[in-house]
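What follows is calculated from the coordinates using simple rules that are stated; it is not laboratory data. Since we're looking at a predicted model, the values are computed, not measured. With ideal geometry, Cβ positions are generated from the backbone for all residues, glycine too; neighbour counts draw on all protein chains shown.
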Amino acid sequence: MTQEKKYPVTLDIDYSDKSDRLTAAFRLILIIPIFIILLLISGGTSADHESNDAVNWGVASGGILVIPTLLMILFRQKYPKWWFNFNVELTKFATRVGAYLLLLRDEYPSTDEEQAVHLNIPYPNVEKDLVNWMPLVKWLLAIPHVIVLCFLWIGAIVAVIIAWFAILFTGTHPQGIHEYIVGVMRWSLRVEAYAILLTTDEYPPFSLK
């Protein structure tokens, strides 16, 4: 029997059977400081939209370097390592903030430490692993995933609300809900790595696992 091949992008968030009622109750308030930091890093608080149009194109999708990376892969078949590192570290930070907001973890998100959010995106060998023209069509190929994810995220929001009440009354985050929300985040990350981070040409599976 052949072992099932894993997708090159992985995400796991440790499950804790005990949740802090107090921090969960005020999560939307507690997250404000670190969320502001995330917005500042990703360029999401710019007031002068007209003068920053070029910057917005260059750092599309919340601070991720997309257009420059696309052009480098297309014309030079290169993905500068420091661009890759920036994209991945920003993605990890945003994922930690997301895990905290979605009540998956109680520890306050770190700007640089992994904590309980384990995210892995391998650095690609562009000449070997990536087809230079693929970034031009990945956004189109990803549309079916985007449609499905819209519905999955609606379910995830409902699941977070249920988990919030469960934590307030029992002090426990239901494990099934935890796994579902992490699955939606994992699916979203694979699509992001494929169509936005441009680190892989392997088409994302339609799977929460």
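The set of residues in the range 106-124 that are touching a Phe, Trp or Tyr at 6+ places or on another chain (Cβ under 9 Å) and farther than 20 Å from residue 24 by Cα comprises 111, 112, 121, 123, 124.
Could you tell me which numbered condition residue 84 fails, if it satisfies all but one of (1) surrounded by fewer than 18 Cβ atoms within 10 Å (Cβ to Cβ); (2) out of contact with any His (no Cβ under 9 Å at 6 or more places or on another chain)? Result: residue 84 fails condition (1) only. State whether the residues of the range 135-156 include one that is buried (at least 20 other Cβ atoms within 10 Å of the Cβ), more than 18 Å from the chain's Cα centre (by Cα) and touching a residue at least 24 places away in the same chain (Cβ under 8 Å). Checked the range 135-156: at least one residue is buried (at least 20 other Cβ atoms within 10 Å of the Cβ), more than 18 Å from the chain's Cα centre (by Cα) and touching a residue at least 24 places away in the same chain (Cβ under 8 Å). For the range 157-171, taking the residues that are in contact (Cβ under 8 Å) with a residue 60 or more places away in the chain and assigned to a helix (DSSP H, G or I), the one that is nearest to residue 184 (Cα to Cα) is identified as 163. Kindly indicate whether residue 99 is among the hydrophobic types (A, V, I, L, M, F, W, C), within 28 Å of residue 39 (Cβ to Cβ), touching a residue at least 24 places away in the same chain (Cβ under 8 Å) and surrounded by fewer than 19 Cβ atoms within 10 Å (Cβ to Cβ). Taking the combined requirement at face value, the residue does not satisfy it. Only one entry of 107, 192 meets the criterion of being of a type in the set (Asp, Glu), buried (at least 19 other Cβ atoms within 10 Å of the Cβ), within 27 Å of residue 36 (Cβ to Cβ) and touching a helix residue (DSSP H, G or I) at 6+ places or on another chain (Cβ under 8 Å), and that entry is 192.
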